[in-house]
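Asker: A single structure is presented below for examination.
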Amino acid sequence: MSRLYPLLLFIIASICFYAGYTVGFKKGQMPRPASSKAVSKPTEEPEVKAVVVEAPDEPVETPVIDEETKAMITDHEYSLRAAQKQITFTDSQDRKLVGEVVEANSQTLKVRRAADNAVVDLPIAMLCEADREFAAYLAKQSTAKPSTSKSMEDKIWDELFN
């Protein structure tokens, strides 16, 4: 009797599967399989035509940007760069220094190197042209901001965790 249970279970499962399969066809939920006897006609593919679009002979006009707008754009780019924690500076010989700007003036930048946390004075004259302009922006921003003295707690915090 115990050998008949798996066989009986298999027969019941087969009947349920067949019933579900036929009900699915009647409700239209399952597509009917193509019979092996039916020969399907090859479908004709529509003809594809290439469309060639010619470019206009006139040059496209670029908008003219005045000097004030250019200055605003560069100031925005510099402000985004200054907001970064680690800044990469490049000198005129294409050497790179990665660090955090501690102080900026018109002649030098004090930079805390990322490699060893040493504070170095970086002369602006040895930087590449783009970084010189950025350093001038930093110097202008540092003179524009009123210097706020740190409290003793902030200085201790900086000493301990920097």
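Asker: Note down the nm distance, to one decimal, between modelled labels 7 Å out along Cα→Cβ at LYS96 and at TYR5.
Answerer: With each label point 7 Å from Cα toward Cβ, the separation is 7.1 nm.
Asker: Just the accessible area for CYS16, please: 1.4 Å probe, Å², rounded to the nearest 10?
Answerer: 90 Å²
Asker: Additional query: Excluding ligands and nucleic acids, what accessible area in Å² is computed for LEU122 using a 1.4 Å probe, to the nearest 10?
Answerer: LEU122 has an accessible surface of roughly 20 Å² with all protein chains in place.
Asker: Moving to a separate point now. Arrange the residues SER92, SER14 by how much accessible surface each exposes, largest first, with a 1.4 angstrom probe.
Answerer: Heavy-atom accessible area, descending, gives SER92, SER14.
Asker: Quantify, in whole percent, the carbon and sulfur part of the accessible surface of segment 108-162 (1.4 Å probe; protein heavy atoms only).
Answerer: Summing carbon and sulfur atoms, their accessible area is 55 percent of the total for segment 108-162.
The values are calculated or read from the model by the stated rules, or taken from the named source; none is laboratory data. Owing to the predicted nature of the structure, the values given are computational and were not obtained by experimental measurement. In this analysis, Cβ positions are derived from the backbone assuming ideal geometry, glycine residues included, and neighbour counts consider all displayed protein chains. Keep in mind that these areas ignore ligands, DNA and RNA; they rest on the heavy atoms of the full protein, side chains included. Shrake-Rupley method; radii C 1.70, N 1.55, O 1.52, S 1.80 Å.
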